[in-house]
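So the structure is just underneath, and the comments pick up after that.
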Amino acid sequence: MSAMLVRRERPADLEAIRRVHREAFTAPEPGAEPVEVALLDGLRADGSLIEPCCLVAEVEGEIVGHVAVSLGTVDGVPRLVGLGPIGVLPEWQGRGIGSALMHATLAAADAADIEGVVLLGHESYYPRFGFEPAVPQGIMPPDPSWPDANFLLRPLTAWGSPRGQFRYAPAFERL
Ligand SMILES: CC(C)(COP(=O)(O)OP(=O)(O)OC[C@H]1O[C@@H](n2cnc3c(N)ncnc32)[C@H](O)[C@@H]1OP(=O)(O)O)[C@@H](O)C(=O)NCCC(=O)NCCS
């Protein structure tokens, strides 16, 4: 593979970032857009994105992957962030690009003194990045129907053991 760079997103990347999520995720019906595209637009419009942690993967000038991180709350206090969406163009999946984005965004969040990162995801993929079930750490999901095995937390260096209910940024709740 040609050199793959991970860097912060820039305003000129926005249409290419939309394309990544449009192609990576499945639309609810043919001809429609995956909800992740509108989610990202909403997070951006609301000012909920944590810009130093929103990264693209670039190969020969083409944006092939993107990860977003946004401000969340624990019992109403902004102490944790939510990771997602993360997407890699289908033809580039399975080559380590998603892993590179995960490591880089977690390192950026750590460097920004964020306490921890939360996501709803597959229990077999995310533990390799240090994610573990959030509920045993005292972080409850926004919706009690979410399976504990998929509601995951990655504590960072600044972790100060917040306890309570996690809520994603408002754009997630408008989905
Ligand atoms: C998830 C995603 C970002 C991973 O990117 P990637 O570049 O393919 O990932 P990597 O090459 O670093 O890692 C591949 C590994 O991820 C696993 N994987 C990929 N997608 C997965 C998923 N949705 N659930 C569980 N595991 C997944 C592969 O099985 C592979 O595992 P292995 O190393 O044990 O064989 C990418 O596959 C993607 O865009 N998927 C569609 C969108 C999506 O589901 N995003 C996640 C939810 S927000």
> Counting every Cα pair in the chain, what percent are over 19 Å apart?
Replying inline: 55 percent
>> With a 10 Å cut-off between alpha carbons and a GNM built on the chain, which of T105, T157, T73 moves the most?
In response: T157
> Taking every pair of alpha-carbon atoms in segment 39-119, what share in percent sits in each 10 Å bin, from 0 to the bin with the longest distance?
Replying inline: 18, 49, 27, 5, 0
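Starting from the Cα-Cα distance between R174 and S99, subtract it from 0.36 nm times their residue separation and give me the gain in nm to one decimal.
Numbers: separation 75, 0.36 × 75 = 27.00 nm, distance 2.84 nm.
Full extension from R174 to S99 adds 24.2 nm.
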> Residues in segment 59-89 near a label at D113, defined as backbone nitrogen under 20 Å from the 7 Å Cα→Cβ point?
Replying inline: 70-74, 77-82
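At a threshold of 8 angstrom on Cα-Cα distance, excluding pairs fewer than six apart, so keeping six or more, what relative contact order does the chain reach in percent? Can you show the working numbers first?
On the way: 336 pairs, mean separation 39.7, N = 175.
Computed value for the chain: 23 percent relative contact order.
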> Using +1 on the beta carbon of Lys and Arg, -1 on that of Asp and Glu, and nothing else charged, what's the dipole of the chain about the Cα centre, debye to 20?
Replying inline: 260 debye
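How much mean residue ellipticity at 222 nm does the chain get from its helices, if each DSSP H run of length 4 or more adds -39500 (n - 2.57) and you divide by all residues, to the nearest 500 deg cm²/dmol?
Details: 4 runs with 42 residues, N = 175.
When only DSSP H runs of four or more count, the value is -7000 deg cm²/dmol.
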> Picking from V69, V88, V35, which is most flexible by a Gaussian network model of the chain using Cα springs under 10 Å?
Replying inline: V35
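Apply 1/(1 + (r/R0)^6) to the Cβ-Cβ distance of S161 and D41, taking R0 = 30 Å, and write down the FRET efficiency to the nearest 0.05. Spell out each step's value before the answer.
On the way: r = 34 Å, r/R0 = 1.14.
In this case the efficiency is close to 0.30.
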> How far apart, in nm, are the 7 Å Cα→Cβ label points at A12 and E51?
Replying inline: 1.7 nm
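Where a number appears in this text, it was derived from the coordinates with a stated rule and is not lab data. Treat the numbers as computed from the prediction; the structure is a model and nothing was measured. FYI the Cβ positions are ideal-geometry reconstructions off the backbone, even for glycines, and counts take in every protein chain you see.
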